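We did not get these values from a lab; they are worked out from the coordinates using the rules stated. Just so you know, these numbers come straight off a predicted model, no measurement behind them. Cβ coordinates were reconstructed from backbone atoms using ideal geometry, including for glycine residues, and neighbour counts include every protein chain displayed.
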Amino acid sequence: MKATATAPSNIAFIKYWGKKDKDLRLPTNGSISVNLDKLITTTTVAFDQELRQDEVIINGKQSDKDSQRVTKHLDRVRKLSKLLFKARVESQNSFPTEGGLASSASGFAALAVASAKAAGLSLSEKELSILARLGSGSACRSIPDGFVEWLEGDDSDSSYAVSLYPHSYWDLSIVVAIVEAKEKEVSSTEGQERIDSNPFFPVRLRKMSQKISALKQSIENKDFTRFGEMVEAEALELHAMAFTSKHAIIYWLPATISLIRTIQTMRKQGLEAYFTIDAGPHVHVICRTQDEKRVFERLKFLEGVQDVVINKPAVGARLAKEHLF
Ligand code: PMV
């Protein structure tokens, strides 16, 4: 009744922002992402009849806020497996949590795989993706391999992620510039709730299915320029939504703008790279693998940049042999 799983974080090329069902975490649009091989969560779950309540330790610390969300997730697994025991959960991230680096994506994907196995369930990839989605929407995309599409769906069973291409499909690197920041001020859950009143949101949604098809086409053709331009425009559109929500959300810090400008300058100088930014100040820079070192060198000494991590596309969530406890 003990199992461990690892799961990658993922970065969305087309973003999930807005829910048509909050409880089920059904998105208002489909999204596309790639898994990242250096931003990994490892989670061990052990169901234990001696425990009086669930115990949750994340990066060595107990947190009430995280515990509640994890317990809700364990309740879903207990319901599916008809198991009544409480569980001990320990989780380690290879990167800072809750700063817009998709720790909830890798966290809930690893938790879904480890808890299902520990409870003796044998779930398909689709079922694991649905289970992860109920914990945190973008987590459903960290279950399948490589380049992934989250199919929007219209109920819980039809909203899950599938692999479009394996991680080895395209020689891209995702250079993540981690900006010095405290925990983010507005969670993505709250940010997404503020979108409802945004007058620009219906305009965004109208063009969404066309946008998803065009992006998929650029991946199929490995047309890096077209792909990069669309990914950048989509990131700016997501932040335009955040800026123009009823209570404006500004996820960027000064270093975020410096990074954007540096990437634009790099391109003018012939180094082709494109940025995307999730609900936080950090910047993910996508380039051809042959250019990753040059990109890394350009970003690492910028003021306000704490760390730069070069990622490759990665496999999805997996069971692991070594437990954390
Ligand atoms: O899964 P959540 O609730 O953390 O939302 C993720 C939202 C974005 O990262 C901004 C976009 C995305 O598709 O990952």
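Quick notes on this one:
- Paramagnetic label zone (point 7 Å from Cα along Cα-to-C-beta, residue 272; backbone N under 11 Å) in region 213-229: 222-229
- For the chain, the longest piece that avoids every one of the GluC sites (Glu not before Pro) found in DSSP loops with at most 11 other C-beta atoms within 10 Å covers 51-182.
- Between residue 154 and residue 207, the simple label model (points 7 Å from Cα in the Cβ direction) yields a spacing of 2.6 nm.
- Here the translational diffusion coefficient of the chain follows from Stokes-Einstein with Rh set to the Kirkwood radius across Cα pairs; for 25 °C and 0.890 mPa s it amounts to 124 µm²/s.
- HN-Hα J in Hz across region 249-260 - Karplus 6.51, -1.76, 1.60, θ = phi - 60°, x for Gly and Pro: 10, 10, 7, 7, 10, x, 5, 5, 5, 4, 5, 4
- Farthest toward the positive end of the dipole of region 26-87, out of 44, 30, 68, is the Cα of 30, where the dipole comes from beta carbon charges about the Cα centre.
- Relative contact order of region 1-131: 34 percent, from C-alpha pairs under 8 Å at least 6 residues apart in sequence.
- Alpha-carbon centroid distance for the pair region 240-264 / region 160-194, whole angstrom: 15 Å
- Here the Karplus curve 6.51 cos²θ - 1.76 cosθ + 1.60, taken at θ = phi - 60°, turns the phi angles of region 68-85 into couplings of 4, 5, 5, 4, 4, 5, 5, 4, 4, 5, 4, 5, 5, 9, 6, 8, 10, 5 Hz, with x standing for Gly and Pro.
- Entry note, the chain: relative contact order of 26 percent, from Cα contacts under 8 Å with a spacing of 6+ residues.
- Spin-label model, residue 185 to residue 168: label points 7 Å out along the Cα-to-beta-carbon direction sit 4.6 nm apart.
- Neighbourhood charge, 14 Å Cβ-Cβ cut-off, centred on residue 222 and excluding it, Lys, Arg +1 and Asp, Glu -1: -1
- Selected from 265, 217, 228, residue furthest toward positive end of dipole (the chain; charges at beta carbon): 217
- Legend: residue pairs 22/82; 182/222; 268/293; 20/321; 216/321; 20/82, Cα-Cα distance threshold 27 Å; pairs beyond threshold, 182/222; 20/321; 216/321; 20/82.
- Remark on residue 317: its backbone amide H falls under 5 Å from those of 143, a criterion applied only to residues 5 or more positions apart or on other chains, H modelled at 1.01 Å from N.
- Between amide H atoms placed 1.01 Å from N, distances below 5 Å from residue 272 occur with no residue 5 or more places distant or on a separate chain.
- The spacing between region 6-41 and region 113-142, judged by their C-alpha centroids, is 14 Å.
- Straightening the chain between residue 1 and residue 250 buys 85.3 nm, computed as 0.36 nm per residue apart minus the Cα-Cα spacing.
- Helix-only CD estimate at 222 nm, as mean residue ellipticity for the chain, using -39500 (n - 2.57) per DSSP H run (n ≥ 4): -11000 deg cm²/dmol
- Full-extension gain in nm, residue 289 to residue 196, via 0.36 nm per residue minus C-alpha separation: 29.6 nm
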